[in-house]
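Each value in this text was obtained by applying a stated rule to the coordinates, not by laboratory testing. Note that the structure is a prediction, hence the values are computed from the model and not measured. Cβ coordinates were reconstructed from backbone atoms using ideal geometry, including for glycine residues, and neighbour counts include every protein chain displayed.
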Amino acid sequence: AARSRAELAAARAADAAEAAGSAYAAERRAAEALGAEERLAELLGLPGGDRQAASPEPGSESGPAESGPGGSGPAGALDAEGLDRNAETLRELLEESVAAAERQLFDLRTAAADDSRILGALGDGGLLPPGPDVLATVEYLGEHGIPALPGWRYLAQSVDPADHAAVLAARPELVDGVVITDPGSHARAREVLSGAALLPRSAVAVGTAAALLAPVPAPGGEDGGALGGSGVFLVPPNPAMHDEHAADDERRRLRERAAARDEEIRSLAARLSADRSLAARIASWRTGCPPGRLAELAA
């Protein structure tokens, strides 16, 4: 009976040892699969601080990767013991990386939305049309035989681009209004529009080309200059209203920047997803294999 009990105990011990051996092998395989991820060696190889790659066990052929030139590229993989020692550090590094990537993605997507808005405002090409109230006024004058152009179109067609900024600053209301191209039609235009009942929803200034291009009084003059005395300033206008070449240059620059940013967003989003997945895998492995568990199974 005593012999039977001893044999039973030995069999149970053998079963327990076999189970421990199987568990140890399974944990090692899982750890080595994780340790083979190049991202982990890359994180541990980051310069600065006390977060350096772990040293391999004496006599071990595997261990944390040595960084490439400048510590920027992993050259190896972590073994099971290396992962076991550095699991908490790696999780912390991955969490920091995820948080930083999320902030960067937010900034990039915000900038992309801003550029998209600007591209939309610039249009697809050519000059943008003036506002509907201005167009209605020009059409009405044309029906009555009075030649007129939207101020933006007159600026684009008849004013030297080098003078656009000065004219805009001096006569912004007329640039955004209607220019009568025949000075002799000014009085008749006023009479016609007075009885037109166009009822525009914005203030539409109407004047002659001479009024638009009249010299700006010098600062200190009777009206204090175009802008100086009143404190009025002009919001930088859309170049697609009056300068087709400047608008094309701006579109090209924005599209090139958007393409480069889109590539950065794709790369960053892929790395963010991979880091999240890797952090979850390490957390799952650590749940099943808490600190000291590998050594306990090996013993």
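Segment L108..E173, full-extension length gain: 19.7 nm, with 0.36 nm per residue of separation and the alpha-carbon distance subtracted. Projected label points at A283 and D262, each 7 Å from Cα along the beta carbon direction, are separated by 3.3 nanometres. Pairs of alpha carbons in the range 143-207 separated by more than 21 Å make up 25% of all such pairs. Each residue, A33 and L119, gets one label point 7 Å from its Cα in the Cβ direction; the gap between the two is 4.2 nm.
Quick check: net charge around D262, other residues with Cβ under 13 Å of its Cβ, Lys/Arg +1 and Asp/Glu -1? Write out the running numbers ahead of the final one.
Details: positive: R109, R255, R257, R261, R266; negative: D115, E256, E263, E264.
Local net charge: +1.
Residues whose amide H lies under 5 Å from that of V206, counting only those 5 or more places away or on a different chain, are V178; hydrogens are built 1.01 Å from N in the peptide plane.
Counting Lys +1, Arg +1, Asp -1, Glu -1, what net charge surrounds L128 among other residues with beta carbon under 13 Å of its beta carbon? Around L128, the charge tally is -4. For the range 103-150, the spread of Cα positions along the three principal axes, ordered from largest to smallest, is 60, 18, 9 Å.
When each pair of different Cα atoms in the range 248-299 is counted once in the 1/r mean, what is the Kirkwood radius in angstroms, to one decimal? Its Kirkwood hydrodynamic radius stands at 14.5 Å. Between A187 and E244, the FRET efficiency estimated from the beta carbon spacing at R0 = 45 angstrom works out to 0.85.
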